[in-house]
Amino acid sequence: MTYEARLEGRFYQNHAISKGSRDIRLLSLQPGHFTDPIKCEIQNANLDQESLEYETLSYVWGQSAIRSSILVEGQMIEVTRNVENAFRYLRKEDEAITLWVDALCINQRDKDPFEIFHHFASDKHLYELPGFRYNNDTKCYEFTSSPPINSQFHNQFWTGFHKVTQSPWWTRLWTIQEAVLPPKVHVLYGPFRTPWETFIRYYENSDYHYLSCCVQAFDALPQQLAGELATHKYQVTYISRGRKLSLRGLQPPFFREIVHAGSLNLASDPRDRVLGLLGLANPEIYGSFFPDYTLTPEKIYESAFRTMIHEYRGNPECFLGSWFGSGSSVSQKSTDNLQTGGQVSNLPSWVPNFATSIDRRRCKAERNRLQLYKLFYVSRDTKSKLSFGDNSTLHMSGQLVTTVGLVHDLPQNWRSTRDLIQQCLKSIESIKATLGCSGDLKAILRVILGELFYKLTTTWTDIVDIVEDEAFSFEALLQAGDSTQIRNFSECIVTAVCGQSFFVTGDGTKLMMGLCPLHTQAGDEVWIFYGGNVPFVLRPLTGENKEEGFYRFVGDCYLQDIMYGEAFDDNRDWSEENGRQIVIK
């Protein structure tokens, strides 16, 4: 009999939970010394009970083959070594403690969806378990209470801190929800425990020292370590931002933004990409969205995104990002930097493939572009006209602007700012050669920047002065600009080009340049949706599937000379009444 079957036969029948109830199972960890056998009892509780208090254990399941035995209601049960170790470090000698531990409190076969969804907001304290100590990796905790001693201590500190930050616990998708909702959070590492605020202070202090006195020391860090610390900082900062909103009772961000930020984290079940974050969504909008694990990922994704569209009140802003186009043929180059958390297919092209895991660099660039969305107003003051049709189709109203003629690669992988700029220089020279006399350097640079420098900083004039110099090169920029200017310049390039290609229109009229999703192809069309701030790329159905007015969704784009409504000046009849109706499959 399997481990899961034994649990189901004994505990889940005796402690059954009715669907639709607000009951959960809790574990009572009995007192004992560190080396004593671990004994537990199971009890049912109701979340509406005023006196209900319990703590949650958040941890990585670890290798299922490495198991230990504990006593649960007098029966010997196998659990992973991580669970056993956590119980030993948490157990008190003189009193029992009440815990919620998913491995024992949830029927893993049925997922007990209500328990997963609601219990996090009701617990009072979360213990987070990145791992257990090995050799010198607890030096990073000693550092919080001891002054720096010598280089050996510092080496041990970095080694230990690296092991803590690289624990797979930080990249679990469920970690986000588990860490955001409880009022108190402690991080455990072997016998050491520290409040969540310790990590916040660490990164606040590191930012202060980097900007004031220690820039050379930080720049001397090995590139891999610096990148890993940047990723960990992003994870801590994002969770901390969510905790502030939750603790203050403020309205959460749009659920689409929450799921997008969670794309950095890993999930073994693609349905968790949505359901594992549902506790962070606005309950007024998603309160009736029941986490049903009997549904396929495709059904969950489409249902969730329909609700997201409702949350955005139909604004095309919800269609930003690189996770669209599942229904179209996506080229290999568009998936080189993506890691999927499970196979999800047969999605309508307008529904995001939430199973796509986006790397940190692209995730940050897309978040920046989302924040910049309102700087543009490509559709002027028109109102969104969006509706759902039969067979998972989406009906939109707008205007066809132009056709994609040529698509050119832009840098997607670079080792440093200098490497990025050098790659951009090669791309610009290649684009100029392709366009011939039409390849104006300043115009190409403005496109690669996406006009972001002009909107985000006060140094655009200085950059233009350099660009207009006949002897311009990116090397000249590196020599002429100060470090802040160069950093801002490279940040704008990353925001504009990461996850995007350069394209030129090809409908035989005015030649325009722009930025588009990586899987854009020649022959795709650029559309303005009414109510949208940026244009979008669509792919007409061809071949056996060809139908007039039917399209596949590709993604959002940037196109020079239309981002501020100029197309409506050139086409006076583009009123909402004259909008073209299209169907996206």
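Looking at His260, His232 in this structure, which one is in contact (Cβ under 8 Å) with a residue 24 or more places away in the chain and touching a Ser or Thr at 6+ places or on another chain (Cβ under 8 Å)?
His232
Any chance the range 243-258 includes a residue that's closer than 29 Å to Asp390 by Cβ, touching a Pro at 6+ places or on another chain (Cβ under 9 Å), modelled with pLDDT of 90 or more and not assigned by TED's automatic domain parsing to the domain that holds Thr175?
Looking for residues that are closer than 29 Å to Asp390 by Cβ, touching a Pro at 6+ places or on another chain (Cβ under 9 Å), modelled with pLDDT of 90 or more and not assigned by TED's automatic domain parsing to the domain that holds Thr175, one finds at least one in the range 243-258, hence yes.
Among (1) assigned to a loop (DSSP other than H, G, I, E, B); (2) touching a helix residue (DSSP H, G or I) at 6+ places or on another chain (Cβ under 8 Å), which single condition is Phe489 missing?
Going through the list (1) assigned to a loop (DSSP other than H, G, I, E, B); (2) touching a helix residue (DSSP H, G or I) at 6+ places or on another chain (Cβ under 8 Å), Phe489 breaks only (1).
Residue check: is Glu73 among the charged types (D, E, K, R) and on the phi > 0 side of the Ramachandran plot?
yes
Looking only at residues that are within 16 Å of Ile493 (Cβ to Cβ) and among the basic types (Lys, Arg) in the range 399-433, which one is surrounded by the most Cβ atoms within 10 Å (Cβ to Cβ)?
Filtering the range 399-433 for residues that are within 16 Å of Ile493 (Cβ to Cβ) and among the basic types (Lys, Arg), the one surrounded by the most Cβ atoms within 10 Å (Cβ to Cβ) comes out as Arg418.
Considering only the range 1-31, state which residues are touching a strand residue (DSSP E or B) at 6+ places or on another chain (Cβ under 7 Å), part of a loop (DSSP other than H, G, I, E, B) and at pLDDT 85 or above.
Gln30
Of the residues that make up the range 519-528, is at least one surrounded by 23 or more Cβ atoms within 10 Å (Cβ to Cβ) and within 26 Å of the chain's Cα centre (by Cα)?
Within the range 519-528, one or more residues are surrounded by 23 or more Cβ atoms within 10 Å (Cβ to Cβ) and within 26 Å of the chain's Cα centre (by Cα).
Count, please, the residues in the range 210-261 that happen to be among the basic types (Lys, Arg), surrounded by 14 or more Cβ atoms within 10 Å (Cβ to Cβ) and closer than 25 Å to Leu126 by Cβ.
Number satisfying all stated conditions: 2.
Among (1) under 21 Å from Glu491 (Cβ atoms); (2) in contact with a strand residue (DSSP E or B) (Cβ under 7 Å, 6 or more places away or on another chain), where does Phe376 come up short?
Failing condition for Phe376: (2).
Report, by residue number, each residue of the range 354-385 that is assigned to a loop (DSSP other than H, G, I, E, B) and either at pLDDT 95 or above or out of contact with any Leu (no Cβ under 8 Å at 6 or more places or on another chain) (or both).
Phe354, Ala355, Phe376, Tyr377, Val378, Ser379, Arg380, Asp381, Thr382, Lys383, Ser384, Lys385
Given the criterion surrounded by fewer than 22 Cβ atoms within 10 Å (Cβ to Cβ), within 18 Å of the chain's Cα centre (by Cα) and at negative phi, identify the matching residue among Glu298, Glu317, Glu311, Glu284.
That would be Glu317, the only listed residue that is surrounded by fewer than 22 Cβ atoms within 10 Å (Cβ to Cβ), within 18 Å of the chain's Cα centre (by Cα) and at negative phi.
What are the residues in the range 333-353 that are among the polar types (S, T, N, Q) and either modelled with pLDDT of 55 or more or closer than 13 Å to Pro517 by Cα (or both), if any?
Within the range 333-353, Ser334, Thr335, Gln343, Ser345, Asn346, Ser349, Asn353 qualify.
Would you check which residues across the range 155-209 are free of Cβ contacts under 8 Å to residues at least 12 places away in the same chain, surrounded by fewer than 16 Cβ atoms within 10 Å (Cβ to Cβ) and either touching a Cys at 6+ places or on another chain (Cβ under 6 Å) or assigned to a helix (DSSP H, G or I) (or both) and list them?
Selection gives Asn155, Glu197, Arg201, Glu204, Asn205, Asp207, Tyr208, His209.
Quick test of your reading of the structure: Arg67 fulfils all but one of (1) surrounded by fewer than 20 Cβ atoms within 10 Å (Cβ to Cβ); (2) modelled with pLDDT of 85 or more. Name the failing condition by number.
The one condition Arg67 does not meet is (2).
The values are calculated or read from the model by the stated rules, or taken from the named source; none is laboratory data. Please read these numbers as outputs of a predicted model, since none were measured by experiment. Ideal geometry is used to build each Cβ from the backbone, glycine not excepted, and the neighbour counts take in all protein chains shown.
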